[in-house]
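A short write-up of the structure that comes next.
No value in this document is a laboratory result; all are computed from the given coordinates. The shown structure was predicted, so the numbers you read here are calculated from the model rather than taken from an experiment. Because the Cβ atoms are built from the backbone with ideal geometry, glycine has one as well, and the counts that use them run over all protein chains shown.
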Ligand SMILES: CC(C)(COP(=O)(O)OP(=O)(O)OC[C@H]1O[C@@H](n2cnc3c(N)ncnc32)[C@H](O)[C@@H]1OP(=O)(O)O)[C@@H](O)C(=O)NCCC(=O)NCCS
């Protein structure tokens, strides 16, 4: 193992547990790494991202965009427990996966991912959005996951409109897209009412919005 990572893990029990828990999950067939070679390859890049996730972490509050009632800010490792609680919420868990801590930390170190927190004006977190394809954001961006705990108050709608503003006006993407499950009618409705265009007839599991559609 990378000696820098070894030092980090030996100094932080929580990180160490999270790291090995995830490696064990993979060894037990959680991922798609069936052969020892694939597993060794996986461990190599996982270790690299995990270490970057920890090295890039900060206590700084970085606001990405501000809406009428909510703000989208960058998430930090300190937000990981909150994000996990949101994913495990009984009204969210049928629709979104729950990332183990070790995986989330590695995703903080993966340049393709941007994890954000949705906050009310008073600083209370109400959910999160994860974006993917940040490494090629000018071409297209995926809104990989959105989940909210205070539902039915219009926060989801505002968050999705704000996410579009962030994607097109701040990140300069040309194409924002997302996927959902067939039975997730609630999410499909809200995507339609916020201007996302269905890629297929109902039930629609894929949506997109281009920069041109956004600026109409
Ligand atoms: C999908 C989600 C983000 C929406 O957030 P929200 O804050 O509850 O949504 P809002 O209060 O802004 O409601 C937005 C619209 O959805 C409608 N809506 C709310 N609940 C609904 C339901 N159960 N069925 C159908 N439509 C519903 C509202 O009527 C509203 O439409 P309107 O403004 O035209 O009246 C949230 O419900 C959530 O976290 N769901 C679980 C995780 C999830 O499914 N994520 C998406 C994975 S792809």
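Helix 13-27 axis versus longest C-alpha principal axis of the chain: approximately 90°, rounded to the nearest ten.
Pulled fully out, how much extra length does the chain show between residue 34 and residue 91, if you take 0.36 nm times their separation in residues and subtract their Cα-Cα distance? Kindly include the intermediate steps, with their values, before the conclusion.
Details: separation 57, 0.36 × 57 = 20.52 nm, distance 3.33 nm.
Length gained between residue 34 and residue 91: 17.2 nm.
By count of other Cβ within 10 Å, fewest leading, how are 89, 136, 169, 122 ordered?
Sorted ascending by nearby Cβ count, the order is 122, 136, 169, 89.
Could you tell me the distance between the Cα centroids of the range 41-92 and the range 152-211, to the nearest Å? If we compute the Cα centre of each part, the gap is 21 Å.
Summarising the label geometry, the points placed 7 Å from Cα in the beta-carbon direction at residue 212 and residue 78 lie 4.5 nm from one another.
In the calculated pair distance distribution of the range 1-136, what percentage of Cα-Cα distances lie above 17 Å?
Values: 5776 of 9180 pairs.
Roughly 63 percent, once rounded to a whole number.
In the chain, the longest principal axis of the Cα atoms and the axis of helix 155-165 are about 90 degrees apart. Taking each DSSP H run with n ≥ 4 as -39500 (n - 2.57) and averaging over every residue of the chain yields -12000 deg cm²/dmol at 222 nm. Relative to the longest principal axis of the Cα atoms of the chain, helix 36-55 runs at roughly 70 degrees. Going by neighbour counts of Cβ atoms within 10 Å, the residues 132, 145 line up, fewest first, as 132, 145. For the range 3-55, the calculated P(r) over all alpha carbon pairs, in 10 Å bins from 0 to the bin holding the longest distance, is 24, 53, 22, 0 percent. Between rounded, prolate and oblate, where does the range 102-194 land on the alpha carbon gyration tensor, with a ≥ b ≥ c its root eigenvalues, rounded for a/c under 1.5, else prolate if a/b exceeds b/c? It is rounded, given that a/c, with a ≥ b ≥ c, falls under 1.5.
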